[in-house]
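Novice: Sending over a structure as structure tokens; questions will come in a sec.
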Amino acid sequence: MQRTNDIAPSEWRWVIIFSGLLVAITLLPYAWAFASDSPNDNWHFMGMLPNQLDGATYLSKIGEGARGDWLFTLQYTSEPHTGAAINEFYLLLGHLSRILGLSPLVMYHVARLVTGFVMFVSIYHLGSVIWPRLRPRRLFFSLLAVGSGLGWLLLTLSAGFSGGSDFNRLPTDFSMPESIPFYATFVNPHFPLTIALISLLAATFIMVFRPGFDQQPTLSNGGFSVVLISAALAVIQPQGLVPIMVTLVVYLAILTVRTRRIPMLELNWIVLVILPTLPFLIYYLAVVRDNEAMRIWNAQNFTPSPPIWNYIVGFGLPLLVAIPGVWRAIRRFERDGDRFMLIWLIVNVLLLYAPFNLQRRLAIGLIIPIAYFAVRALEDFWFHRILPPWRDAALVALFVFMIPSNILTLGIPIFGVVNPAEGIKVGQILTSGHDEAIHWLNANAQSGDIILAPPLTSLWIPAYSDLRVVYGHPYETLNAKDKLPEVQAWYLGESDQECRTLLEKYAVRYVVSEDIEAPGAPTTGCYKALDNPVASFDHVFVYAIR
């Protein structure tokens, strides 16, 4: 392959130090949360600050891998079912955690830091492929590394989070971590790793699509890397593969029309993306068709895109700054970078509203072409219209207005630790009684036993044990919309027969009570249909079902 623009050792040092600092910053809120969790408190921080609803399921998957499993099963549902080879990334982390002697929680955060660092380095590599000069490649890296939207300004003007927990009413820089690289690093390990792989794939095709490139793919010139990256994307986040794959196909079609021939060289490179991923995509389709549990899980896993205005605010100033660069690309449609990035941007935006149940996941990587056009616009448009003495000040102002959303996404989740009553309401923390009950169940129950517990307690039972629950997650509990009201009704129930019916229906082995304020075991509701508790922890009681 053509030689890419060289990166000097001093430049790599800058990238490594800056990337290391960024991932270290995402540790600070966690360090504060764990330090605030005193043994004398009546609550326990469960290890996830943002998006604890999904974070708990990642710990559950790592736990499955740590127990030796390579097939994913739904730990948040009571029905027995056949596993499938999906979510393999977290199962692999589980196997690594066993080999390294790390708990699932520690493995999760180590992976989050490592993949975040890999993402930042990969982003800089992409910038170095696009630009030979230092300033634009550093601008590109900085926009992607710390840039975010104007959600902070909208929330300030609206005097707070009036949207509550309805993420569709929040700008995407607060509600969609996959769309913002720094936020992605704070939330989980598979989002930054996906962005890293997309960046590496884009770097390859930036070179392949350049005028004068004439190398057929081989094992030694990047062809094999394309195969590995594409396969890895298909395993880790197949939704992230869709926009760039469609972009490549559209690019090839446009090139065919413009040249009036099939461009075999570009076709051969693009085939290396498509062919390795087809077996995975076919397998996934077969799983959701033939595996009943996975079919229901997939149908429930519905994450539609928010209104377009949420994206516009969520990408904020980078998108606004990029407009002259986008307009220039439309007018000139140059092959060296602009054409590929323009097609990517348009295709990706259209796919956000395609008839697909995971629309919002397709936003991962969209900020890359936005940042590309922002840098092109800065270099070719804005810097020519801003007087030289004011350019540095303008750049500082740009970043001053882009960074606050990232700062807030780090700080806002700490609110639940500062105010434990609020943290308990959203499942970010549990009362000490419920936490101790989970540890007791992990030590005393049999693997695979079904537990009936309050919904937010049930969220953490599979994360910290090899037990399953009646209801614990809106996506990973089968028929979740039916089970949640059943569980809620059980804790309010009075009829002995109705109480027993649910326990028998889901083969419940243990019941965990709510947090009972009055001393002594509860004697009202469905509890009176149970025998005496087998364990109690600070007003939380565990019952064995005979």
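Novice: If you take the square roots of the eigenvalues of the alpha-carbon gyration tensor of region 265-422 and sort them as a ≥ b ≥ c, do you get rounded (a/c under 1.5), prolate (a/b over b/c) or oblate?
Specialist: Oblate, because a/c is 1.5 or more while a/b does not exceed b/c.
Novice: Let me ask something additional. Kindly provide the Kirkwood hydrodynamic radius of region 6-60 in Å, to one decimal, from all pairs of distinct alpha carbon atoms. Before the final figure, lay out each step's value.
Specialist: Values: mean 1/r = 0.0715 Å⁻¹.
One decimal place: 14.0 Å for the Kirkwood radius.
Novice: Probe 1.4 Å, all protein chains in place: accessible area of HIS384 in Å², nearest 10?
Specialist: 130 Å²
Novice: Moving on. Would you please give the residues with an amide H less than 5 Å from that of GLY493, counting only those at least 5 places away or on a separate chain, with H modeled from the backbone geometry?
Specialist: CYS526
Novice: Something else now. Give me the net charge for the shell around ILE429: Cβ to Cβ below 12 angstrom, other residues only, Lys and Arg +1, Asp and Glu -1.
Specialist: My count for the surroundings of ILE429 gives -3.
Novice: Something else: Relative contact order of the chain: what whole-number percent is it, with Cα pairs under 8 angstrom and at least 6 residues apart?
Specialist: Normalised by residue count, the contact order of the chain is 19 percent.
Novice: Also: Using the C-alpha gyration tensor of region 351-422, what are the square roots of 5 times its eigenvalues, in whole angstrom, with the largest one first? If you can, show how the numbers build up before the last one.
Specialist: Details: eigenvalues 217, 119, 7 Å².
Result for region 351-422: semi-axes of 33, 24, 6 Å.
Novice: What is the spin-label model distance, in nm, from MET264 to ARG98 if the labels are put 7 Å beyond Cα along the C-beta direction?
Specialist: 4.9 nm
Novice: Additional query: Starting from the alpha-carbon convex hull of region 50-206, give the projected area averaged over all orientations, in nm².
Specialist: Values: hull surface 48.3 nm².
For region 50-206, averaging the hull's shadow over all directions gives 12.1 nm².
Novice: Rounded, prolate or oblate: which fits the chain when a ≥ b ≥ c are the square roots of the eigenvalues of the alpha-carbon gyration tensor, with rounded for a/c under 1.5 and prolate only if a/b beats b/c? Before the final figure, lay out the partial values.
Specialist: Values: a/c = 2.30, a/b = 1.76, b/c = 1.30.
Prolate is the answer for the chain, as a/c is 1.5 or above and a/b outweighs b/c.
Novice: May I pose another question? Beyond 16 Å, what percent of the Cα pairs of region 55-96 remain? Present the calculation step by step, with values, prior to reporting the outcome.
Specialist: Numbers: 211 of 861 pairs.
I get 25 percent for the Cα pairs in region 55-96 exceeding 16 Å.
Novice: Sort region 68-125 into rounded, prolate or oblate with this rule: let a ≥ b ≥ c be the square roots of the eigenvalues of the Cα gyration tensor; rounded if a/c is under 1.5, and if a/c is not under 1.5, prolate when a/b is larger than b/c, oblate otherwise.
Specialist: Values: a/c = 2.80, a/b = 1.88, b/c = 1.49.
Here region 68-125 falls in the prolate category.
Novice: If R₀ is 41 angstrom, what is the calculated FRET efficiency for the pair PHE399 and ASP214, using the beta carbon separation as r and rounding to 0.05?
Specialist: Working: r = 40 Å, r/R0 = 0.98.
So the FRET efficiency works out to roughly 0.55.
Novice: Go ahead and estimate [θ] at 222 nm for the chain from helices alone: -39,500 (n - 2.57) per DSSP H run with n ≥ 4, summed, over the residue count, rounded to 500. The partial results should precede the final answer.
Specialist: Numbers: 25 runs with 329 residues, N = 546.
My calculation for the chain gives -19000 deg cm²/dmol from helical runs alone.
Novice: A further question on this structure: Considering the zone a paramagnetic label at ILE312 would reach in this model (a point 7 Å from Cα along the Cα-to-Cβ line), which residues of region 359-401 have amide N under 20 Å from it?
Specialist: Hits in region 359-401 for ILE312 at 20 Å: 360, 363, 366-371, 373-374.
Novice: Got a number for carbon plus sulfur as a percent of region 1-101's accessible area, 1.4 Å probe?
Specialist: Values: 2870 of 4580 Å².
Of the solvent-accessible surface of region 1-101, carbon and sulfur hold 63 percent.
Novice: Considering Cα pairs under 8 angstrom that are at least six residues apart, work out the relative contact order of region 361-509 and quote it in whole percent.
Specialist: Numbers: 107 pairs, mean separation 20.5, N = 149.
Reported as a whole number, the value is 14 percent.
Novice: Give me a comma-separated list of calculated 3J(HN,Hα) values for region 433-446, in order, Karplus coefficients 6.51, -1.76, 1.60 applied at θ = phi - 60°, integers in Hz, x for any Gly or Pro.
Specialist: x, 5, 4, 5, 4, 4, 5, 5, 4, 4, 7, 10, 7, 8
Novice: Tell me, what does the Kirkwood hydrodynamic radius of region 262-352 come to in angstroms if you use every pair of distinct C-alpha atoms? Working shown, then result.
Specialist: On the way: mean 1/r = 0.0592 Å⁻¹.
Result for region 262-352, one decimal place: 16.9 Å.
Novice: Sticking with this structure for a sec: Each residue of region 424-429 in turn: what ³J(HN,Hα) in whole Hz from Karplus with 6.51, -1.76, 1.60 and θ = phi - 60°, glycine and Pro shown as x?
Specialist: So the J values, rounded to whole Hz, are 5, 4, 9, x, 6, 10.
Novice: Which order do LEU155, LEU27 take when ranked by solvent-accessible area (1.4 Å probe, heavy atoms of all protein chains), largest first?
Specialist: Result, largest first: LEU27, LEU155.
Novice: Also, I was wondering about something else. Go ahead and run the numbers for FRET between TYR353 and THR523, Cβ-Cβ distance against an R0 of 51 Å, rounding to 0.05.
Specialist: Details: r = 54 Å, r/R0 = 1.06.
The formula returns an efficiency of 0.40 here.
Novice: Still on this model: What are the ³J(HN,Hα) couplings of region 259-265, residue after residue, when phi is run through the Karplus curve with 6.51, -1.76, 1.60 and θ = phi - 60°? Round to Hz, x for glycine and proline.
Specialist: Each residue of region 259-265 in turn: 9, 6, 7, 7, x, 5, 5 Hz.
Novice: Say each of ILE16 and VAL426 gets a label point 7 Å from the Cα, pointing the same way as Cα to Cβ; how far apart are those two points in nm?
Specialist: 3.7 nm
Novice: Once the cut-off is 18 Å, how many percent of the Cα-Cα pairs in region 24-135 end up in the long-distance tail? Don't jump to the answer; show the numbers that get you there.
Specialist: Values: 3872 of 6216 pairs.
In whole percent, the share of Cα-Cα pairs in region 24-135 beyond 18 Å is 62.
Novice: How large are Rg and Dmax for region 214-261 when only the alpha carbon atoms are used, in Å?
Specialist: Cα-based Rg and Dmax for region 214-261 come out at 13.2, 37 Å.
Novice: Sticking with this structure for a sec: Express the accessible area of the chain per residue in Å², computed with a 1.4 Å probe while the remaining protein chains stay in the model.
Specialist: Details: 22920 Å² over 546 residues.
On a per-residue basis, 42 Å².
Novice: Could you grab the Rg to Rh ratio for region 427-499? Cα atoms only, Kirkwood for Rh. Could you put the intermediate results ahead of the total?
Specialist: On the way: Rg = 12.4 Å, Rh = 12.8 Å.
Rounded to two decimals, Rg/Rh equals 0.97.
Novice: Carbon and sulfur together cover what percent of the accessible area of region 321-471 at a 1.4 Å probe radius? Walk me through the intermediate numbers first.
Specialist: Numbers: 3980 of 6010 Å².
Reported share for carbon and sulfur atoms: 66 percent.
Novice: Provide, in order from the shortest bin, the percent of all Cα-Cα pairs of region 175-225 in each 5 Å bin, continuing until the bin that contains the maximum pair distance.
Specialist: Per 5 Å bin, starting at zero, the Cα-Cα P(r) for region 175-225 comes out as 4, 19, 21, 16, 11, 11, 11, 6, 1 percent.
Novice: Tell me the Kirkwood radius of region 489-546: reciprocal of the mean inverse pair distance over distinct alpha-carbon atoms, in Å.
Specialist: Details: mean 1/r = 0.0868 Å⁻¹.
The Cα-based Kirkwood calculation yields 11.5 Å.
Novice: A further question on this structure: Set the Förster radius R0 to 22 Å, insert the Cβ-Cβ distance between SER495 and ASP531 as r into 1/(1 + (r/R0)^6), and round the FRET efficiency to 0.05. Walk me through the numbers on the way to the answer.
Specialist: On the way: r = 18 Å, r/R0 = 0.81.
In this case the efficiency is close to 0.80.
Novice: Below 22 Å, Cα to Cα, which lysines can LYS528 reach? Residues fewer than 8 away in the same chain don't count.
Specialist: LYS483, LYS505
The values are calculated or read from the model by the stated rules, or taken from the named source; none is laboratory data. Since we're looking at a predicted model, the values are computed, not measured. Note: ideal-geometry Cβ built from the backbone for every residue, glycine included; neighbour counts use all protein chains shown. Keep in mind that these areas ignore ligands, DNA and RNA; they rest on the heavy atoms of the full protein, side chains included. Shrake-Rupley method; radii C 1.70, N 1.55, O 1.52, S 1.80 Å.
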